[in-house]
Amino acid sequence: MTTTLQTRPSVAPDRTWSAVLFDLDGTIVDSQSEITASLAHMFSEMGLDVPDDATLRSYVGPPLLDSLRMTAGFTDAEAWEALNVYRDHYGERLLTSPVFPGVAGVLERLHAAGVPVALATSKPESMARAVLEHAGLAKYFTVIAGAEENDDRSTKAEVVAEALHRLQAQGIDTAQAVMVGDRGYDTLGALANGVPTILVEWGYGSPAEAGDAFAVVHSADQLRALLLG
């Protein structure tokens, strides 16, 4: 997000959350340059002109297979071929994305306070787990939920539902769960499951995507205060 947005006045500073769900790309790790480089490679390998930077950035966040069909206009067969080309290239760059400043500290504080934390990402689950383990963050997560490789679970709503189900299976109360993300897709996917969203301003969204968010924060310190009081 490119302009400063403040936390909504209606947010109660002493709100207690029973579980916190996190998006990955644009929320925990700054992966945009690696993703767009792999997208550019994919379009080139498919014999197509590489879109401009703004268009490439629009692919970061939503399920990629859906974007390849709807935005790039690929057939199902073309979309799967392109996805495999992308994954092969991106897999070599997967672990190079840095963690956003202050986010590791927020996760550590949540864990120390006994707040269950789950990942809910549209990135393939195996890739997401590898990213968290490489960054030394997996230990803070009770649940790591992502998309399935075969696209059976790919939408944000489906991934959030899976994360909530896994938390509940461990006896964790999700009645007061909250989602932390950076795009309108995170908000809509969480709302489909009755979960409010806090959007982080350091990610890849725009102010126009913040309309349905519970709150918008501009720093890790503000996020920590909102999650822990």
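In this rough spin-label picture, where each label sits 7 Å from Cα along the Cβ direction, the ARG87-GLU148 distance is 1.3 nm.
Apply the a/c threshold of 1.5 to the C-alpha gyration tensor of the stretch 115-229 and tell me whether it is rounded, prolate or oblate. Note, shape of the stretch 115-229 comes out rounded. Put simply, when 108-116, 43-51, 159-167, 178-186 are sorted by average Cβ atoms within 10 angstrom per residue, most first, you get 178-186, 159-167, 108-116, 43-51. Using a probe radius of 1.4 angstrom, the carbon and sulfur fraction of the accessible surface of the chain is 49%. For the chain, the per residue solvent-accessible surface stands at 43 Å², with DNA, RNA and ligands left out and a 1.4 Å probe. Rounded if a/c is under 1.5, else prolate if a/b beats b/c, else oblate: with a ≥ b ≥ c from the C-alpha gyration tensor eigenvalues square-rooted, which is the stretch 14-75? Prolate. Determine, at each q value in 0.15 (inverse angstroms), the log₁₀ of I(q)/I(0) that the Debye formula gives when each Cα of the stretch 142-185 is one equal point scatterer. Scattering profile of the stretch 142-185, log10 relative to I(0): -0.40.
Using the Cβ-Cβ distance between GLN168 and TRP80 with R0 = 30 Å, the FRET efficiency computed as 1/(1 + (r/R0)^6) comes to roughly 0.40. When shorter helices are ignored and each DSSP H run of at least 4 residues is given -39500 (n - 2.57), the per-residue value for the chain at 222 nm works out to -12000 deg cm²/dmol. At each listed q (0.10, 0.16, 0.17 Å⁻¹), what is the log10 of I(q)/I(0) that the Debye formula gives for the chain modelled as equal alpha-carbon point scatterers? So the normalised log intensities work out to -0.42, -1.09, -1.23. Taking every protein chain into account, the 1.4 Å probe leaves ASP152 with about 110 Å² of accessible area, to the nearest ten. Given axes a ≥ b ≥ c from the Cα gyration tensor, I'd like to know whether the stretch 90-155 is rounded (a/c under 1.5), prolate (a/b larger than b/c) or oblate. Oblate.
The values are calculated or read from the model by the stated rules, or taken from the named source; none is laboratory data. Owing to the predicted nature of the structure, the values given are computational and were not obtained by experimental measurement. Heads up, the Cβs are rebuilt from the backbone with ideal geometry, glycines too, and the neighbour counts pull from every protein chain shown. Each accessible area value is taken on the protein alone, full model and side chains, heavy atoms only, with ligands, DNA and RNA left out. Shrake-Rupley method; radii C 1.70, N 1.55, O 1.52, S 1.80 Å.
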